[in-house]
Amino acid sequence: MTYPSPINVILIGMPGAGKSTVGVQLAKYLGQDFIDTDILIQTQQEKQLQEILDSEGHLALRQIEEETLLGIQSKNSLISTGGSAVYSEKAMHHLKSLGIIVYLEVSLDVLKQRVTDEDSRGIARSKGQTFDDIYQERTPLYKQYADIIYNNNQNIDIAQLITTIEHFATGKER
């Protein structure tokens, strides 16, 4: 696969995996622009994610998310996606064409410690679906689309992650 130059880094993972937190740090170290697709959606829709879920439902939010992801044409950016991005095969293929996809893998136990605002966080899920359910449902999808799987159960080592990304990128056709 040929990547745009300079390359984008795309973070995927569950809510609470650290996509936004790690993304800001990584973007700074890599000299990249930082794009948080949840913030893009909220800006474009002029609503919080939870408001969209409450008024339009989880499928509408996923559709809005897909359209937002398909509209990204950035270069030299760190893109932090919403946790439900992996439900759109079309959007994930688009993101893969833009750069390297890094799955921030975190155990369910650690996620539950981090995510204390589950009911107001704007997590796109079906009625009755628990956090455990979406973890089980999404984990195989994250792994399917990831170029790199990086464990983020503890404080992330940014230098190590950058080295991993650089090794992956240089092993690819440019």
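Structure values in brief
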quantity	calculated
Pair Q73, D157: separation of 7 Å Cα→Cβ label points (nm)	4.0
Hull volume in cubic angstrom per residue (convex hull over the Cα atoms of the chain)	103
Cα-centred dipole magnitude for segment 8-170, charges only on beta-carbon of K, R (+1) and D, E (-1), debye, nearest 20	300
The chain: relative contact order as a whole-number percent, Cα under 8 Å and 6+ apart	36
Residues Q48 and H167, FRET efficiency given R0 of 35 Å [Cβ-Cβ distance, rounded to 0.05]	0.35
All lysines inside 23 Å of K90 as judged from Cα atoms, apart from same-chain residues fewer than 8 positions distant	K19, K75, K143, K172
Likely footprinting exposure, I79, I100, fewest C-beta neighbours within 10 Å first	I100, I79
Label point distance in nm, K127-Y29, each placed 7 Å from Cα along Cα→Cβ	4.5
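Just so you know, all these numbers are worked out from the coordinates, no wet-lab data involved. Quick caveat, the model's predicted, so the values are computed rather than measured. Quick reminder, even Gly has a Cβ in these numbers, built from the backbone with ideal geometry, and neighbours come from all protein chains shown.
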